[in-house]
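A short write-up of the structure that comes next.
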């Protein structure tokens, strides 16, 4: 049993280092991105819809976006952080 302890600690460290820490950084980056959105920003939703933000409803955590087809009300969580940041560069 004693010989397995270093191996278990190594597995725990690898799990923490490669899974937990990067996920928390990604969550922090996504939260920061969504909090800094403003009217007129171009976004891409997780389903691939390209749009421009025209209004926010912080009470319901939604926003109204304008597409070429018209206006849509979407959840803020549906906005793709990775694709939208590449679009705004």
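List of remarks:
- Annotation for residue 28 and residue 60: the two label points, set 7 Å from Cα along the Cα-Cβ direction, are 3.3 nm apart.
- Debye equation applied to the C-alpha atoms of the chain, log10 I(q)/I(0) at 0.24 Å⁻¹: -1.16
- Computed E for residue 4/residue 78 - FRET, C-beta separation, R0 41 angstrom, nearest 0.05: 0.35
- In the chain, the calculated helix contribution to ellipticity at 222 nm averages -11000 deg cm²/dmol per residue, counting -39,500 (n - 2.57) for every DSSP H run with n ≥ 4.
The numbers here are math on the coordinates, done by the rules we state, and not lab data. Every value quoted in this text rests on a predicted model; they were computed, and no experiment measured them. In this analysis, Cβ positions are derived from the backbone assuming ideal geometry, glycine residues included, and neighbour counts consider all displayed protein chains.
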